[in-house]
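The values are calculated or read from the model by the stated rules, or taken from the named source; none is laboratory data. Keep in mind that this is a model prediction, so the values were computed, not measured. Here the Cβ positions follow ideal geometry from the backbone for every residue, glycine too, while neighbour counts run over all protein chains shown. The accessibility values were calculated without ligands, DNA or RNA, using every heavy atom of the protein model including side chains. Shrake-Rupley method; radii C 1.70, N 1.55, O 1.52, S 1.80 Å.
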Amino acid sequence: MRLIFLGVPGAGKSTQGAALSSQWQIPHISIDDICRQAIAKETSFGSKVKPYIERGDLVADDIILDIIRQRLSHFSAQRGWILDGFPSNLSQVKLLDQLLLEIRAKGNTALSEQPYDQVFSFYVPIDVLVQRLLQRGYSDDNHEVIYRRIEVYQEHSTPLIQHYRQQGCLTVINGDRPVEIVTQFLQDSFSKSCLIGNKKTLNARKRLIKAGKQILSA
């Protein structure tokens, strides 16, 4: 299971990512959490991302990509992963797709394999987002920075969401609902996707068999 969660901070991505990560035993890779932990530990990476976080801007691609590469290349991500907050623009989509190709190539995995199973875009009304973020307690969670984050996300999310919609892998989620209901919606959406994928595979095999070919698979 390889999932991408899109949405402005406060939309509920991290809450859902943590819950599904625990249930499915796959890593939840939250860009916001990684950056904030690095800032708190005063690491070299933390010093680089701190100005972006404090302004409410997107972290530069070249800074964030190495962290993404490390996390997705780790053995714990072999069974799957939940990528939360990345990609956040179209240039990062290209970087992620290329990175996944590199990882699969090194693992001798078929390059034609779908790089991720589904993309979920979390939507929450702005007034709810603002209230949630103000309650988190981070020093940079003030009105000015919060509205800047929303502005930046809206600027980059439209082409990003359109891209994944065209790929046929996007599901939009109303995050302004009880946590348990959103979790169930995610699980149902993923189960439905698996059933559709299995049906397509079965139909493809039937066509090949009808053409007089045999498929040998483990």
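State yes or no: is Arg177 outside any helix (DSSP H, G or I), open to solvent by less than 90 Å² (accessible area, probe 1.4 Å) and not aliphatic (A, V, I, L, M)?
Spelling it out, Arg177 is indeed outside any helix (DSSP H, G or I), open to solvent by less than 90 Å² (accessible area, probe 1.4 Å) and not aliphatic (A, V, I, L, M).
Out of Ile146, Ile126, Ile161, Ile150, report the one residue that is surrounded by 13 or more Cβ atoms within 10 Å (Cβ to Cβ) and without any contact (Cβ under 8 Å) to a residue 40 or more places away in the chain.
After ruling out the rest, the residue left standing is Ile126.
Which condition does Asp141 not pass, out of (1) of a type outside the set (Val, Ile, Thr); (2) in contact (Cβ under 8 Å) with a residue 12 or more places away in the chain; (3) outside any helix (DSSP H, G or I), if it passes all the others?
Evaluating Asp141 over (1) of a type outside the set (Val, Ile, Thr); (2) in contact (Cβ under 8 Å) with a residue 12 or more places away in the chain; (3) outside any helix (DSSP H, G or I) leaves (2) as the failure.
Enumerate the pairs (first residue in the stretch 178-192 and among the small types (Gly, Ala, Ser); second residue anywhere and open to solvent by less than 20 Å² (accessible area, probe 1.4 Å)) with beta-carbon separation below 9 Å, excluding pairs fewer than 6 apart on the same chain, so at least 6 apart or on different chains.
What qualifies is Ser189/Gln118; Ser189/Phe120; Ser189/Ile173.
Restricting the stretch 121-131 to residues that are within 19 Å of Ser88 (Cβ to Cβ) and part of a helix (DSSP H, G or I), which is nearest to the chain's Cα centre (by Cα)?
Leu129
Against the conditions (1) within 19 Å of Leu160 (Cβ to Cβ); (2) without any contact (Cβ under 8 Å) to a residue 60 or more places away in the chain, where does Ile82 fall short? Just the number, please.
So the condition that Ile82 fails would be (2).
Please enumerate the residues belonging to the stretch 94-109 that are under 12 Å from Ile68 (Cβ atoms) and among the hydrophobic types (A, V, I, L, M, F, W, C).
Leu95, Leu96, Leu99, Leu100, Ile103
Restrict the check to the stretch 101-109 and report whether at least one residue is over 21 Å from Phe190 (Cα atoms), at pLDDT below 90, β-branched (Val, Ile, Thr) and not in a helix (DSSP H, G or I). Don't jump to the end; show me each part of the working.
Restricting attention to the stretch 101-109, the residues satisfying the condition of being over 21 Å from Phe190 (Cα atoms) are 101-109.
Still in the running and at pLDDT below 90: 101-109.
Next, only the ones that are β-branched (Val, Ile, Thr) stay: 103, 109.
Narrowing the set further to residues that are not in a helix (DSSP H, G or I) leaves 109.
Scanning the stretch 101-109 turns up at least one residue that is over 21 Å from Phe190 (Cα atoms), at pLDDT below 90, β-branched (Val, Ile, Thr) and not in a helix (DSSP H, G or I).
Take the residues of the stretch 164-182 that are of a type in the set (S, T, N, Q) and over 12 Å from Phe122 (Cα atoms): which is modelled with the highest pLDDT?
Going through the qualifying residues, I end up with Gln166.
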